[in-house]
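A.B. asks: Could you have a look at this structure, given as structure tokens, before my questions?
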Amino acid sequence: MKQDKISGKAYDSKLLSRLAKYMRPYRTIFWISVVLTILLAAVAPALPMLIEYTLDNYILNGQYEGLDMMLIIMMLLLIAQTIVRYFHTLMTNTLGQSVIRDIRIQVFEHITNLRLKYFDNTPIGRLITRTISDLETIANIFSEGLIQIIGDLLQLVVILGVMFYTDWRLTLIILVPMPLMLWATYIFKEAMKSAFQDVRLWVSNLNTFLQEHISGMAVIQYFAREEQEMKKFEAINKEHRNAHVRANWYFSIFFPVLEIIIAIATGLLVWYGSKQVLADVISPGVVVAFLMYINMIFRPIRELIDKFNTLQMGMVSAERIFDVLDTNEFTPNSGTHKPAQIRGEIEFKNVWFAYNDEKWVLKDVSFKVKPGETLALVGATGAGKSSTINILSRFYEIQKGQILLDGVDIRDYELTFLRKNISTVLQDVFLFSDTVKNNITLQNPAITDEEIINAAKRVGAYDFIMRLPEGLDYKVQERGATLSAGQAQLVSFIRALVHDPSILILDEATSSIDTETELMIQSAIDNLMEGRTAIVIAHRLSTIQKADKIIVLEKGEIKEIGSHQELLAMDGYYKRLYDLQFDSAGI
Ligand SMILES: Nc1ncnc2c1ncn2[C@@H]1O[C@H](COP(=O)(O)OP(=O)(O)OP(=O)(O)O)[C@@H](O)[C@H]1O
Ligand SMILES: [Mg+2]
């Protein structure tokens, strides 16, 4: 399984400045966060200082008048600190979430425009991880990363300054175990880095496994593979658990070590401090204040490391997301041709096409379809039929030759215009988990209910739609799970019809359906093709027979062209195919 790379730098000025661009609309929030951070750091030593003052000047002096006032001041300070902290958290989180919302929308928009070839080579799971979990990690840069690190460092500096100012000797004594602390922290940080890497890797493996197996559940159950798949799942879970346990083990070692170091510092303070108090060099209030300072400098160091990790992971995620955003695999769209009308004449001129390198899927294919004609493509599986129609709408680019629409190269048409004029009904119908209506209109508000109903009647799907619990508003489940294959097909026909294309492309489903639906779909197809140029990848004899022209493809080459009768008379490929496919069916 693929290792997730996670060795990025925690501070990368290029990445940061690119991220900063996304912060621009939220400048105000950003600066408020910075101000609040500075404020919090600056008031950090206030409480210990107040306690020191109260102890030395009131309690130990036996002056109880005014003591209540001091307590009230301390309480107000605490309340103020809490309120500032509340706004600080709110602001930094809002900032992070706003930024990632913008990036996420941009990523999705970008992905939507990438050409299909990119998706052939990119696992869906990876793109989902990019747009969801990687982005969450980026949000953390803002909510618990950068600004907080600056805040913590500032607080350390302020407190150390106050400490040195109060009593530099005492401060130096307390700092004796600091090198030990830094060393332990460094070791912990390195160990955590590799532990986190493992955790991320197994989380990603877990995701991939679940996603694939839930989508492919039917296969698992049909072949009764539950037990074997369970075993695989258990193995992944075991590794996942172990990775987490390892990471937590480091924590369980580090925290006691941290406590010991703090205890050493405290011991040193009590030992040296009390001697100084007895010698009347310092006041007891200073010792108490220093007890609090110890916690305020040693503990944040641990948190700094956490935040450093967060920052580092955020940077890695940012790099990955920018990687997607920098993918320029678009279909070139330099054409501008947008005629008022498309007649629908299609011509392939010596077209060569390969998905990869020079593994030709179509070899020197030439043919012509006149406006309003129907062309049927037949051939064995893998012959290149679907590929022929994929290149017509420019879902893939051809390498050699030319495809002309009304005598103009399809690359000279504006891409959206070209695709709007060609409706394709795919081999596998894809329905979104949305209403039947939205699946038909694809959110195009220009299409009225009346048009949908007319189209439904034309393809003979009206009755079945009206029988659905909510008619057009019936909610289709993911991938059309709650409709039959034939029904889903009819919905896709209506979809093609309401978009009223000049050219219709139909990749006939190979799945056989019952005779009644078959007849219904047949008449639906006839209706669809009426009055427009159509290219049909035909598996049904009835469709083939009605076509004006039939092309027999074999291994990417045109073997025969002609009408049904002509081809039968040739007694060649078509005849053989016909005998193989239809004779046995007794047609
Ligand atoms: N996205 C793709 N990337 C790489 N190769 C592909 C891709 N799609 C199809 N191919 C290859 O191109 C060849 C032609 O495939 P195509 O889908 O055009 O066949 P087809 O005639 O439509 O077959 P079927 O009747 O099974 O639908 C096959 O060898 C296939 O492996
Ligand atoms: Mg196909």
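The values are calculated or read from the model by the stated rules, or taken from the named source; none is laboratory data. Quantities reported herein were computed from a predicted structural model and do not represent experimental measurements. Backbone-built Cβ (ideal geometry, glycine too); neighbour counts: all protein chains shown. With ligands, DNA and RNA removed, areas are computed over all heavy atoms of the protein, side chains included. Shrake-Rupley method; radii C 1.70, N 1.55, O 1.52, S 1.80 Å.
A.B. asks: Averaging sequence separations of C-alpha pairs under 8 Å and six or more residues apart, then dividing by the length of the chain, give the relative contact order as a whole percent. Could you put the intermediate results ahead of the total?
C.D. replies: Numbers: 748 pairs, mean separation 90.8, N = 587.
Contact order relative to length: 15 percent.
A.B. asks: Roughly what % of Cα-Cα distances in region 11-166 sit above 26 Å, to the whole percent? Write out the running numbers ahead of the final one.
C.D. replies: Values: 5869 of 12090 pairs.
Cα-Cα pairs in region 11-166 separated by more than 26 Å: 49 percent.
A.B. asks: Now a separate question. Shape call for region 331-372 from the C-alpha gyration tensor, a ≥ b ≥ c root eigenvalues: rounded (a/c under 1.5), prolate (a/b greater than b/c) or oblate? Write out the running numbers ahead of the final one.
C.D. replies: Values: a/c = 3.99, a/b = 1.46, b/c = 2.74.
Taking the square roots of the gyration eigenvalues as a ≥ b ≥ c, region 331-372 is oblate.
A.B. asks: Arrange the peptides 211-221, 268-278, 362-372 so that the one whose residues have, on average, the most other Cβ atoms within 10 Å appears first. Mind showing how you got there, number by number?
C.D. replies: On the way: 211-221: 12.1, 268-278: 15.3, 362-372: 17.2.
So the peptides 211-221, 268-278, 362-372, ranked by packing, come out 362-372, 268-278, 211-221.
A.B. asks: Take the solvent-accessible surface of the protein heavy atoms, probe 1.4 Å, and return the percent of it on the chain that carbon and sulfur atoms account for. Let's see the in-between values first.
C.D. replies: Working: 18090 of 30730 Å².
It is 59 percent, rounded to a whole number.
A.B. asks: Follow-up question, since we're still on this one. Taking the Cα centre of the chain as origin, sum charge times position over the Cβ atoms of Lys and Arg (+1) and Asp and Glu (-1), and report the length of that vector in debye to the nearest 20. Intermediate results must be reported in sequence, preceding the final value.
C.D. replies: Values: 58 positive and 66 negative charges, 229 e Å.
The dipole of the chain has a size of about 1100 debye.
A.B. asks: When Lys and Arg each count +1 and Asp and Glu each count -1, what net charge do the other residues less than 10 Å away from GLY335, Cβ to Cβ, add up to? Show your work: numbers first, answer last.
C.D. replies: Values: positive: LYS338, ARG394, ARG411; negative: ASP409, ASP412, GLU414.
Local charge sum for GLY335: 0.
A.B. asks: Same structure again: What accessible surface, in Å², does a 1.4 Å probe find on TRP202, ignoring ligands, DNA and RNA and rounding to the nearest 10?
C.D. replies: Roughly 50 Å² of TRP202 is accessible to a 1.4 Å probe.
A.B. asks: Let me ask another. Among the listed pairs LYS117/LYS368; LYS117/LYS307; LYS370/LYS400, which are separated by more than 32 Å between their Cα atoms?
C.D. replies: Working: LYS117/LYS368 27 Å; LYS117/LYS307 39 Å; LYS370/LYS400 23 Å.
Violating the 32 Å limit, Cα to Cα: LYS117/LYS307.
A.B. asks: ASP428 accessible area, nearest 10 Å², 1.4 Å probe?
C.D. replies: For ASP428, solvent-accessible area is about 120 Å².
A.B. asks: Provide the per residue accessible area, probe 1.4 Å, for the chain, rounded to a whole number of square angstrom.
C.D. replies: Numbers: 30730 Å² over 587 residues.
On a per-residue basis, the chain sits at 52 Å².
A.B. asks: Full extension from SER194 to ASP409: what is 0.36 nm times the residue separation minus their Cα-Cα distance, to one decimal in nm?
C.D. replies: Details: separation 215, 0.36 × 215 = 77.40 nm, distance 5.49 nm.
Taking SER194 through ASP409 to full extension adds about 71.9 nm, to one decimal.
A.B. asks: So if each residue of separation counts as 0.36 nm, and I subtract the Cα-Cα distance between SER366 and TRP249, what length gain in nm does that give? List each step's numbers first, then the result.
C.D. replies: On the way: separation 117, 0.36 × 117 = 42.12 nm, distance 6.78 nm.
Using 0.36 nm per residue and subtracting the Cα-Cα distance, I get 35.3 nm.
A.B. asks: Which sequence of THR381, THR448, THR137 reflects their accessible areas, 1.4 Å probe, from the largest down? Mind dumping the intermediate values first?
C.D. replies: Details: THR381 135, THR448 65, THR137 15 Å².
Ranked list, largest accessible area first: THR381, THR448, THR137.
A.B. asks: Report PHE251's accessible area, 1.4 Å probe, all protein chains in place, as a number in Å² to the nearest 10.
C.D. replies: The value for PHE251 is about 40 Å².
A.B. asks: Can you say what percent of the DSSP beta bridges in the chain, counting only those with both residues inside, are antiparallel? Round to 5.
C.D. replies: Numbers: 19 of 38 bridges.
Of the beta bridges lying entirely in the chain, close to 50 percent run antiparallel.
A.B. asks: If packing is taken as the mean number of other Cβ atoms within 10 Å per residue, what is the order of 530-540, 84-94, highest first? All intermediate terms of the calculation are to be shown ahead of the outcome.
C.D. replies: Values: 530-540: 21.3, 84-94: 16.8.
Packing order, densest peptide first, comes out as 530-540, 84-94.
A.B. asks: Describe numerically, in nm with one decimal, the distance between label points set 7 Å from Cα along Cα→Cβ at ARG27 and at GLU109.
C.D. replies: 2.1
A.B. asks: Moving on. Which sequence of ASP102, ASP134 reflects their accessible areas, 1.4 Å probe, from the largest down? Show your work: numbers first, answer last.
C.D. replies: Details: ASP102 45, ASP134 0 Å².
Per-residue accessible area, sorted high to low, gives ASP102, ASP134.
A.B. asks: Give me the net charge for the shell around LYS363: Cβ to Cβ below 13 angstrom, other residues only, Lys and Arg +1, Asp and Glu -1. Present the calculation step by step, with values, prior to reporting the outcome.
C.D. replies: Numbers: positive: LYS359, LYS400, LYS555, LYS559; negative: GLU358, ASP364, GLU554, GLU557.
Net charge around LYS363: 0.
A.B. asks: I've got another one for you. Ignoring ligands, DNA and RNA, how do LYS437, LYS475 rank by accessible area with a 1.4 Å probe, largest first?
C.D. replies: Working: LYS437 55, LYS475 105 Å².
Greatest to least solvent exposure: LYS475, LYS437.
A.B. asks: Now for a different question. Rounded to the nearest 500 deg cm²/dmol, what is the calculated helix-only ellipticity per residue at 222 nm for the chain, with -39500 (n - 2.57) per DSSP H run of length n ≥ 4?
C.D. replies: On the way: 23 runs with 358 residues, N = 587.
Taken over the chain, the calculation gives -20000 deg cm²/dmol.
A.B. asks: Please compare each pair in LYS338/LYS457; LYS457/LYS559; LYS349/LYS546; LYS359/LYS546 to a cut-off of 28 Å on the Cα-Cα distance and tell me which ones are over it. Provide the component values of the computation, followed by the final result.
C.D. replies: Working: LYS338/LYS457 32 Å; LYS457/LYS559 38 Å; LYS349/LYS546 25 Å; LYS359/LYS546 34 Å.
Result: LYS338/LYS457; LYS457/LYS559; LYS359/LYS546 exceed 28 Å.
A.B. asks: Right, something else. For the pair ASP326/HIS213, report the inter-label distance in nm, with labels modelled 7 Å from Cα in the Cβ direction.
C.D. replies: Distance between label points: 3.6 nm.
A.B. asks: A follow-up question, please. Using a ≥ b ≥ c from the Cα gyration tensor of the chain (square roots of the eigenvalues), is it rounded, prolate or oblate, where a/c under 1.5 gives rounded and otherwise the larger of a/b and b/c decides, a/b for prolate?
C.D. replies: prolate
A.B. asks: Right, another one. Name the lysines eligible as straight-distance cross-link partners of LYS475: C-alpha to C-alpha under 18 Å, and not fewer than 8 places from it in the same chain.
C.D. replies: Cα-Cα hits under 18 Å: LYS437.
A.B. asks: Within the set of other residues whose C-beta is less than 13 Å from the C-beta of PRO25, count the net charge using Lys and Arg as +1 and Asp and Glu as -1.
C.D. replies: Numbers: positive: LYS21, ARG24, ARG27, ARG101; negative: ASP102.
Counting the neighbours of PRO25, the net charge comes to +3.
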